[in-house]
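The values are calculated or read from the model by the stated rules, or taken from the named source; none is laboratory data. Bear in mind the structure is a predicted one, so any value in this text is a computation, not a measurement. Don't worry about glycine lacking a Cβ; one is built from the backbone with ideal geometry, like all the others, and counts go over all protein chains shown. For accessibility, only protein heavy atoms count, side chains too; no ligands or nucleic acids. Shrake-Rupley method; radii C 1.70, N 1.55, O 1.52, S 1.80 Å.
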Amino acid sequence: MNIRQGEQKLSAPSGKTQPIPPVLRATLVTGASGALGGALARQSAVSGEALLLWGRDALRLAAVADDCRAAGALVQVRQLDLADTDAMLAALAADDGAWPIASALLVAGQGDAVPPGQDLEPPEQVARLANVNLGAPAALATALAGRMAARGQGRILLVGSAAGFHALPHAPAYAASKAGLARFAEALRLAVAPKGVQVTLVSPGFIDWAGGGRPIPRPLLIPLDVVARRILAAFAGGAGHAIIPRRFALLRLLDRLLPGPLRAAVLRRLNA
Ligand SMILES: NC(=O)c1ccc[n+]([C@@H]2O[C@H](COP(=O)([O-])OP(=O)(O)OC[C@H]3O[C@@H](n4cnc5c(N)ncnc54)[C@H](OP(=O)(O)O)[C@@H]3O)[C@@H](O)[C@H]2O)c1
């Protein structure tokens with residue numbers, strides 16, 4: 001499969017290229033080439049329904065698309081760098097114009113932290129995470145929410161992180177981008193709920209998958225398939241905010257209740 005930036009390819013289960021019927025409503029998944037996005041796409045693949053899979057890595061995107069087609073879904077893949085805001089919004093307009101997006105799973109994100117042996121992140125990394133983890137999903141969700149509100153219905157899922165609950169000295173940009181996304185999700189939810197648009201934020205803890213991050217202690221590790229299933233259940237149930245696993249909600253409460261100096265001491269220990 002030859003896929004370039006912004007290019008589309010539709011295939012029926014047979015693998016033959018076939019246009020998606022114009023009236024069919026679709027589910028968009030960003031980060032579909034990644035671990036969590038791939039798992040969510042595979043679990044969302046339903047016979048006869050359309051999936052719009054966005055990512056950057058052509059091979060991993062194609063592998064996920066093949067599995068979804070095998071489950072009977074009609075699939076379009078789009079290779080796109082979400083750091084390119086104009087291209088992202090143009091792609092959304094094209095896809096949503098062709099197949100109205102009923103549900104959007106905005107999963108794409110980057111989990112970079114302070115590099116080993118360094119005290120701080122490179123400033124370019126800070127700017128990149130702010131864009132990819134907050135600016136891009138917020139802009140995309142806003143554009144989607146406007147389109148869905150005009151249709152009087154739609155559902156948007158934003159993937160945050162339990163890291164957003166804490167001022168992590170080993171990952172300031174990641175923690176801040178996810179904290180910002182959480183505040184954005186709440187505000188957007190309030191803004192568009194009266195228009196029939198659902199906004200769900202999920203804040204997973206540590207997800208267990210082969211490439212899963214740098215070697216740090218990862219308490220309450222949760223298997224990829226399990227977290228994907230719970231995310232889709234929370235989304236289907238109309239949750240506003242789901243923390244997975246729930247025990248991270250206790251850590252968030254503790255973070256809020258601890259006196260400042262004690263909280264700072266705990267967070268510094270995490271960094272060490
Ligand atoms: N892993 C965890 O323990 C964990 C915990 C809490 C929350 N999360 C969140 O879950 C989401 C998915 O993470 P993951 O663990 O599945 O990581 P992953 O396997 O690295 O997947 C990240 C996905 O985001 C895409 N992406 C990154 N930057 C992009 C860009 N500039 N433009 C377009 N796509 C971009 C990647 O595309 P390509 O691969 O094609 O480049 C990939 O599909 C992220 O938002 C992450 O913050 C993860």
*Using the alpha-carbon centroid of each, what span in Å lies between segment 48-102 and segment 138-195?*
20 Å
*Could you work out the local net charge near ALA45, counting Lys and Arg as +1, Asp and Glu as -1, over the other residues with Cβ closer than 10 Å to its Cβ?*
0
*Placing +1 at every Lys and Arg Cβ and -1 at every Asp and Glu Cβ, with all other atoms neutral, what dipole size does segment 120-240 have around its Cα centre, in debye to the nearest 20?*
380 debye
*Can you tell me the order of 52-58, 125-131 when each peptide is scored by its average per-residue count of other Cβ atoms within 10 angstrom, highest first?*
52-58, 125-131
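So how do 234-241, 91-98, 106-113 stack up, highest first, on mean other-Cβ count within 10 Å? Intermediate results must be reported in sequence, preceding the final value.
Values: 234-241: 14.4, 91-98: 17.2, 106-113: 21.5.
Listed from highest to lowest mean packing, they are 106-113, 91-98, 234-241.
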*Once both axes come from the Cα atoms, what is the angle between helix 172-192 and the longest principal axis of the chain, in degrees from 0 to 90, rounded to 10?*
50 degrees
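If I compute solvent accessible area with a 1.4 Å probe over the protein chains, what percent of it on segment 8-271 is carbon and sulfur? Could you put the intermediate results ahead of the total?
Details: 7200 of 12140 Å².
Reported share for carbon and sulfur atoms: 59 percent.
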*Of the residues ALA26, ALA71, ALA145, which exhibits the maximal mean-square fluctuation in a Gaussian network model of the chain defined by a 10 Å Cα contact cut-off?*
ALA71
*Just name one of ALA93, VAL199, THR27: the one whose Cα is farthest towards the positive end of the charge dipole of segment 8-271 (beta-carbon charges, Lys/Arg +1, Asp/Glu -1).*
VAL199
*asked:* Under 10 Å, Cα contacts only: if you run a Gaussian network model on the chain, which one of GLY152, GLY164, GLY135 comes out with the highest mean-square fluctuation?
replied: GLY152
_How large are Rg and Dmax for segment 8-271 when calculated on the C-alpha trace, in angstrom?_
18.5, 62
*LEU59 paired with ARG269, simple spin-label distance in nm, labels 7 Å along Cα-to-beta-carbon*: 4.3 nm
*Got a sec? Charge dipole of segment 8-271, +1 on Cβ for Lys and Arg, -1 for Asp and Glu; which of LEU190, ALA45, LEU253 is way out at the positive end?*
LEU253
_For segment 155-165, 3J(HN,Hα) per residue [Karplus equation, 6.51 cos²θ - 1.76 cosθ + 1.60, θ = phi - 60°, Hz, x = Gly/Pro]_ = 9, 10, 10, 10, 9, x, 6, 4, 4, x, 7
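Once you keep just the Cα pairs under 8 angstrom separated by 6 or more residues, what percentage relative contact order results for segment 56-181?
27 percent
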*Skip the ligands, DNA and RNA, and give the accessible area per residue of the chain with a 1.4 Å probe, whole Å².*
47 Å²
*If amide H atoms are built 1.01 Å from N in the plane of the peptide, which residues on other chains or at least 5 residues away come under 5 Å of the amide H of VAL77?*
LYS9, LEU53
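Once you keep just the Cα pairs under 8 angstrom separated by 6 or more residues, what percentage relative contact order results for segment 8-271?
16 percent
Taking each pair of distinct Cα atoms in segment 135-195 once, what is the resulting Kirkwood hydrodynamic radius in Å?
It is 12.3 Å.
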*Note down the magnitude of the dipole of segment 8-271 about its Cα centre, charges +1 on Lys and Arg C-beta and -1 on Asp and Glu C-beta and zero elsewhere, to the nearest 20 debye.*
740 debye
